[in-house]
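What follows is a short report on a single structure.
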Amino acid sequence: MSRISEIFGSMVFNDAVMKEKLPKGTYKALKKNMEEGTNLTLEVANVVANAMKDWALEKGATHFTHWFQPMTGVTAEKHDSFISPTDGGGVIMEFSGKELIKGEPDASSFPSGGIRATFEARGYTNWDPSSYAFIKENTLCIPTAFCSYGGEALDKKTPLLRSMEALNVQALRILKLLGYDDVRKVDSTVGPEQEYFLINKELYDKRKDLIYCGRTLFGAKPPKNQELEDHYFGAIKPRVNDYMAELDEELWKLGILAKTEHNEVAPSQHEFAPIFTTNNIATDHNQLAMEIMKKVALNHGLVCLLHEKPFAGINGSGKHINWSLSTDTGMNLLSPSKSPATNLKFLLFLCAVIKAVDEYQDLLRTSVASPGNDHRLGGNEAPPAIISMFIGEDLEAILNAIEKDEVYSDSKDRTMNIGVQVLPPFQRDTTDRNRTSPFAFTGNKFEFRMAGSNASISCPSYVLNTTVAEALSQFADELEASSDFESSAKALIKNTIIKHKRIIFNGNNYSDEWVIEAEKRGLLNLKSAVDAYPLYTSEKNLALFKKHCIFTEVEVRARQEIVMKEYCNLINIEALTMVDMVNKDILPAVSGYIKSLTETAIGKKAVSSEITCELEEELISNLSSLSVCLYKSAQELDNALIEVNAIENVQTAAEFYNKKVLSIMKEVRGVADTLETMTASSAWPFPTFGELLFSV
Ligand code: ADP
Ligand code: MG
């Protein structure tokens, strides 16, 4: 066995381990639960728990934890050791089925959007057997869902699992109509491509903005940026290479299918991509990967930045969510096959996605909304805030032919371009790729490119799953009622194309013309997160979530409140950090520099009144007036924060942060960055962009 296959999954209580460690009957019951969602008895759980514990102890674990994903966006864990006292004053190692199935963390310190007042502290974590337990730092981690005492979801996993179930139910209805009676389960599959920056820890430690906010709030443009385009796919530097090698290894141990590592467009920017897997596991893995990316960086004297826009003026980081549908029989439902034009299965599922994306543009946009992502979307580096779909010329020609009742003839022998699955990879991309589209069909999957690098992929995933489930459910309602399936299906496909083709756009999404064209087509352009959040609770969206049992109205409203509060909190922290850096670092530094210029001028004069001090005088004068300007704008920012703190309504506050606070922050930054360009390097209080970006 190779070394990699030996370490791969070595810290995971995966299928192979279960098969080996569990009695046959228990293994079977557990598998059935994982595959079909049947209930587990406590008896089975007891046996599984005990086997898990023994396995974990063998691997050196001492503790266990229910690992969950509260609404903070990061994972949470509370460690308990396995020890249990014995009569003789010793201990034995114990872990029961009850402890495996249910945990009771104090829920009061996690965001709940008002669902649970602080005095109602009880919350439950509930084992998710569909995602394998794993060992991380001597702790057996059990993936769990997290809910309140009243059963409301307080996490990111629960709605995702619910949406996968909804999608499964509706997709099976369509497959049944198509005659695929053997399919028992349809899953969404996801492969997230994760972008990130690596910078020197030593430099990071000197910047409060990076420490408190994860992004720089100041920084003049360095002489060199990404204009030479010499970083993308460039040779990976040894230090980064070592980092990537260790990262791969750590991820492999956890059974994460780390596959691709490469340099990205911006200096110091990189990407990591795993091989796709089931949506739920892909989401858990992405959360784990983000945690481990940060941890491993520290071993190399580096810091991994996952913020969507750590540096103004160069590309930010996103997370491309590759998404498709697959059956337990191994079919990819978005695979066009050799003859997509006549492939009813493909066309129905494709049309369901088209309908879903068009009808729920607002929700999709909302699902990726965050203050960090606002800096990216529409910035000529990431898709605009307008949702549209790229399907490529070939598929568009097919849809056009269907719409016009024409027979699709493949005059340019395009079949080869579409039937990607049968092609060797080097021939795959004969059709140009559209890198600018927020939602692109890429062969046999869609790639949702708007998500931010820092966010969990749960929200965009469950929105996608649920909206497609809804489209499929409407299709199934119509088709089940018809006596002639084939002609009804064809009519349905045609009508869907006619109704929703406005969402399809194969051109350049970064162009100004597209913004105008999109408006003509009636597509939404929700520029900021604050514009998007309110749409979470539109009648239409509440009804959608309710119909598919993803959320109750209370749960959606809670989530909306949480994200809006988080928006306010994050910008508040940024603004406070800015004021702090201006008053305590930048102004004193400039003052010091002015002092040294003054001393130079005085010294010169002392030598001879003939010597010119024009340079010092001009610099002193400019630096002095800009300093006043900076001081005043920082004060203005401070005042705005006092004003916004008095606003009770969270949406009004978020709007104030978006309109007022952010614009004053821009002003402050403008002045500070100008001061940076005029101040001696030795006097500037923290590392510059040039140092941060070109030092690894
Ligand atoms: P591309 O070059 O188009 O980006 P890749 O083959 O590099 O495509 O895949 C990018 C990501 O998409 C990877 O994480 C990959 O595992 C994932 N992916 C491939 N097929 C599927 C699928 N059927 N469902 C979900 N993700 C997929
Ligand atoms: Mg890709």
Exercise. Return one number: the angle in degrees, 0 to 90 and rounded to the nearest 10, between the long axis of the Cα atoms of helix 157-177 and the longest principal axis of the Cα atoms of the chain.
Key: 40
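With +1 on the Cβ of every Lys and Arg and -1 on the Cβ of every Asp and Glu, and nothing else charged, how large is the dipole of the stretch 566-693 about its Cα centre, in debye rounded to the nearest 20?
Values: 9 positive and 19 negative charges, 24 e Å.
Once rounded to the nearest 20, the dipole reads 120 debye.
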Quiz item: Where a Cα-Cα gap under 17 Å defines reach, which lysines qualify for Lys19, not counting those fewer than 8 residues away within the same chain?
Solution: Lys28, Lys31, Lys32, Lys53
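Fewest Cβ neighbours within 10 Å first, please rank Asp15, Asp209, Asp106 accordingly. Intermediate results must be reported in sequence, preceding the final value.
Numbers: Asp15 14, Asp209 20, Asp106 11.
Fewest to most other Cβ atoms nearby, the residues stand as Asp106, Asp15, Asp209.
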Exercise. With +1 on each Lys and Arg Cβ and -1 on each Asp and Glu Cβ, and nothing else charged, work out how big the dipole of the chain is about its Cα centre, in Debye to the nearest 20.
Key: 820
Quiz item: Can you sort Trp67, Trp514 by how many other beta carbons sit within 10 Å, fewest first?
Solution: Trp514, Trp67
Quiz prompt | Pairwise Lys count, the stretch 285-354 - Cα closer than 28 Å, eight or more residues apart or different chains | solution = 5
Self-check item: HN-Hα J in Hz across the stretch 202-219 - Karplus 6.51, -1.76, 1.60, θ = phi - 60°, x for Gly and Pro
Solution: 4, 6, 3, 4, 8, 10, 4, 5, 5, 5, 7, 10, x, 9, 7, 9, 10, x
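Have a look at the DSSP beta bridges in the chain and tell me what percent are antiparallel, nearest 5.
DSSP beta bridges in the chain are roughly 85 percent antiparallel.
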Quiz item: Given Ile174, Ile236, Ser326, which one lies farthest toward the positive end of the charge dipole of the chain, if we put +1 on the Cβ of every Lys and Arg and -1 on the Cβ of every Asp and Glu?
Solution: Ile174
Quiz prompt | Distance between modelled label sites at Lys584 and Glu43, nm, 7 Å Cα→Cβ extension | solution = 6.3
Quiz prompt | Within straight-line cross-link reach of Lys546, aspartates and glutamates at Cα separation under 12 Å, skipping those fewer than 8 residues along the same chain | solution = Glu470, Glu555
Quiz item: Once you sort the root eigenvalues of the Cα gyration tensor of the stretch 3-155 as a ≥ b ≥ c, which label holds: rounded (a/c under 1.5), prolate (a/b larger than b/c) or oblate (the other case)?
Solution: prolate
Quiz item: In the neighborhood of Phe272, defined by Cβ-to-Cβ distances under 11 Å, what is the net charge if each Lys or Arg adds +1 and each Asp or Glu adds -1?
Solution: -4
Quiz item: Would you list Cys613, Cys549, Cys141, Cys213 from fewest to most Cβ contacts within 10 Å?
Solution: Cys549, Cys613, Cys213, Cys141
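Return the calculated 222 nm mean residue ellipticity for the chain, to the nearest 500 deg cm²/dmol, obtained by summing -39500 (n - 2.57) across DSSP H runs with n ≥ 4 and dividing by the residue count.
Values: 26 runs with 330 residues, N = 696.
That calculation yields -15000 deg cm²/dmol at 222 nm.
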Quiz item: For Lys295, what charge total do you get from the other residues with a beta carbon under 11 Å from its beta carbon, if Lys and Arg give +1 and Asp and Glu give -1?
Solution: -2
Quiz prompt | Karplus 3J(HN,Hα) series, Hz, for the stretch 482-488 with 6.51 cos²θ - 1.76 cosθ + 1.60 (x for Gly, Pro) | solution = 9, 8, 10, 4, 5, 6, 5
Quiz item: When the Cα centres of the stretch 491-570 and the stretch 635-665 are compared, how far apart do they sit, in Å?
Solution: 26
Practice problem: Over 30 Å between C-alpha atoms is what I'm after, so list which of Lys494/Lys540; Lys59/Lys98; Lys185/Lys540; Lys595/Lys660; Lys136/Lys547 land there. | Solution: Lys595/Lys660; Lys136/Lys547
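Net charge around Leu247, counting only other residues with Cβ within less than 13 Å of its Cβ (Lys, Arg = +1; Asp, Glu = -1)?
Working: positive: Arg239, Lys253, Lys259, Lys294, Lys295; negative: Asp242, Glu246, Asp248, Glu249, Glu250, Glu261, Glu271, Glu291.
Net local charge, Leu247 excluded: -3.
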Exercise. Give, in nm to one decimal, the length gained when the segment between Ala683 and Glu403 is fully stretched (0.36 nm per residue of separation minus the Cα-Cα distance).
Key: 94.1 nm
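Applying 1/(1 + (r/R0)^6) with R0 = 25 Å to the Cβ-Cβ distance of Phe485 and Ile275, what FRET efficiency is obtained, to the nearest 0.05? Write down the numbers at each step before the final one.
Numbers: r = 36 Å, r/R0 = 1.43.
Here the calculated transfer efficiency is 0.10.
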Exercise. May I ask you to list the aspartates and glutamates whose Cα is less than 16 Å away from that of Lys176, ignoring any residue fewer than eight positions away on the same chain?
Key: Asp187, Asp328, Asp477, Glu478, Glu480, Asp484, Glu486
Quiz prompt | Label-reachable residues, the stretch 556-578, where backbone N falls under 17 Å from a point 7 Å from Ile211's Cα toward its Cβ | solution = 573-578
Practice problem: May I ask you to evaluate 6.51 cos²θ - 1.76 cosθ + 1.60, the Karplus curve with θ = phi - 60°, for each residue of the stretch 664-672 and list the ³J(HN,Hα) values in order in whole Hz, giving x for glycine and proline? | Solution: 5, 4, 5, 4, 4, 4, x, 5, 5
Practice problem: For the stretch 151-186 and the stretch 670-696, compute the distance between their C-alpha centroids and round to whole Å. | Solution: 53
Practice problem: Find how many whole Å separate the alpha carbon centroid of the stretch 16-63 from the alpha carbon centroid of the stretch 220-270. | Solution: 38
Exercise. Describe numerically, in nm with one decimal, the distance between label points set 7 Å from Cα along Cα→Cβ at Arg433 and at Lys632.
Key: 5.0
Quiz item: If contacts are Cα pairs under 8 angstrom and at least 6 residues apart, what is the relative contact order of the chain in percent?
Solution: 15
Quiz prompt | For the stretch 550-696: rounded, prolate or oblate by the Cα gyration tensor [a/c cutoff 1.5] | solution = prolate
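No value in this document is a laboratory result; all are computed from the given coordinates. Nothing here was measured: the structure is a model prediction, and the numbers come from that model. Positions of Cβ are backbone-derived with ideal geometry, glycine not excepted, and every protein chain shown enters the neighbour counts.
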